[in-house]
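> Structure provided below as structure tokens; questions to follow.
Since every read-out is calculated from the coordinates, none of them should be taken as a lab result. Please read these numbers as outputs of a predicted model, since none were measured by experiment. When we count neighbours, we look across all protein chains shown, and the Cβ atoms used for this are built from the backbone with ideal geometry, even at glycine.
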Amino acid sequence: MARPIWSGVITFGLVTVPVQLFAAVEDHTVHFRQLERGTGDRVRNRRVNERTGKRVDYDDIVKGYDLGDGEYVVVEPEELDEIAPGRSQVIEVSGFVDLDEVEPAFFSRTYYLAPRSDEYSNVYRLLRTALAESGKAGVATFVMHAREYLVALRAGDDVLELHTLHWADEVRDPERELPRLPARKQAGSRELQSAKQLIDAMSVDWSPEDYEDTYEKRVRRLVEAKRDGKEVAAGEEPPEATNVVDLEDALRRSVDRAGSRKGPRERPGKGARTRSGHGARKDAGKAPRKGRSAAGGGSGGARRLSELSRRDLYERATDRGLRGRSRMNRQELIRALGGTRTGKAAS
């Protein structure tokens, strides 16, 4: 079972919810040791005094702010805790925003929040449900490990999620930082229309379990092959850049190929998956999932759903046990409910 990495309270208005913070993801990367070439001896990193070369214990290390010319301002860990003792225990919500308004570049890491004990479950559940039905995210700040974070609180499936965000001055302006950016394509261009057709033909339902880390698998096969003394096949070279002259032809052939993979009776976004390099979908070429209609549940049902509010749509999704419902906006809920069939009768 996961261990909490932080404990404190969420405050919004005059309401306080004691919670614990847990990591939402775990690393599955293959890790290597550092060895000296030729000897195979392990190479270790050690903390040493730069002047004497002697090893320094962790407890004897303090933080130093470089003033230049070899001068430092020394800061003890206790001094950092003392300047914000309360803030290190509080996730203070200052307002609520539509999550779609937060650009992806601002997101950093994801954590799960759980009530600190059973007695706080009701108020925790109330906050999660209110966020889910309103489609809002709470913007807050808190201090963890001697660092202040800007965060977004949102409702996941039966859990509150905390996303750490970059501060505004940490996100680079592409107009200022990048060496070049192309001018916008004219809306009526033939290439643009073909590109939009290709996107439509390759549209699929978001299902993260359909993707896998293929590079990680190749690394493991490389290790196993070298262990067994076998030869290792080199990977394919990257494709050449598309020539501007051939762009329209490449787009048209891509649309035709994507359409043939889906099959004659499948609509874009509801059928067989496509494969595209790293993170390829596992089920490329398979038929649509059982119980999901490629046609999205029929036009009549879609019209009825379109008359409902997001709250009513969310309640229907909850009754049907539709996973991922708290992350969907109104249009996504309409599409999901229109294409979902469960043991319950459609309401």
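> Give the share of C-alpha pairs in each 10 angstrom bin for region 190-262, from 0 to the last occupied bin, in whole percents, shortest bins first.
All Cα pairs, binned at 10 Å, distribute as 15, 26, 28, 21, 8, 0 percent.
> How are the alpha carbon pair distances in region 100-225 distributed across 5 Å bins from zero to the largest one, expressed in percent?
2, 7, 10, 11, 13, 13, 15, 13, 9, 5, 2, 1, 0
> Cross-chain or 8 or more residues apart, Cα under 29 Å: how many lysine pairs in region 190-262 fit that? Count them up, please. Present the calculation step by step, with values, prior to reporting the outcome.
On the way: Lys196/Lys262; Lys217/Lys226; Lys217/Lys230; Lys217/Lys262.
Counting lysine pairs in region 190-262 gives 4.
> Sticking with this one: Give me Rg/Rg_expected for region 1-146, where Rg uses Cα atoms only and Rg_expected = 2.2 N^0.38 Å with N residues. Can you show the working numbers first?
On the way: Rg = 21.7 Å, N = 146, 2.2 N^0.38 = 14.6 Å.
Relative to the rule-of-thumb radius for its length, region 1-146 sits at 1.49.
> Hey, got a sec? Which chymotrypsin sites (Phe, Trp or Tyr not before Pro) in region 19-82 land in a DSSP loop and have at most 13 other Cβ atoms within 10 Å? Intermediate results must be reported in sequence, preceding the final value.
Details: sites: Phe22, Phe32, Tyr58, Tyr65, Tyr72; in loops: Phe32.
Taking region 19-82 and a limit of 13 other Cβ atoms within 10 Å, the loop chymotrypsin sites (Phe, Trp or Tyr not before Pro) found are Phe32.
> If the chain between Ala146 and Leu222 were fully stretched, how many nm would it gain, using 0.36 nm times the residue separation less the Cα-Cα distance?
On the way: separation 76, 0.36 × 76 = 27.36 nm, distance 4.06 nm.
Result for the pair: 23.3 nm of gain on full extension.
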